[in-house]
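Chemist: Below is a structure I'd like to ask you about.
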């Protein structure tokens, strides 16, 4: 009985950790949206900011990957 409770709580924690992946998706959308807004205001400077946009996407996506890793650890390490 106790093992079933621990397993259930591990799965609940994994589900909560997966909300970080949704946050990463929102972060990527925010980064790209701000890039496009700036590119529409000043198209000549847009080419110089493309690398910065990809770095921002990578940082935001890394947080989603970390939350996925935590979810996997909670599911399979118990």
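The values are calculated or read from the model by the stated rules, or taken from the named source; none is laboratory data. For clarity, every value in this text was computed on a predicted model and none was experimentally measured. Here Cβ is always computed from backbone atoms with ideal geometry, including for glycine, and neighbour counts include all displayed protein chains.
Chemist: Do you know which residues across segment 1-14 are exposed (fewer than 12 other Cβ atoms within 10 Å of the Cβ) and closer than 24 Å to residue 68 by Cα?
Modeler: 3, 4, 5, 6, 8, 12, listed by residue number.
Chemist: Conditions first: (1) more than 11 Å from the chain's Cα centre (by Cα); (2) at pLDDT below 90. Residue 40 passes all but one, so which condition is the exception?
Modeler: It fails just one condition, (2).
Chemist: What number of residues in segment 50-60 are surrounded by 15 or more Cβ atoms within 10 Å (Cβ to Cβ) and either on the phi > 0 side of the Ramachandran plot or at pLDDT 90 or above (or both)?
Modeler: Of the residues in that region, 2 qualify.
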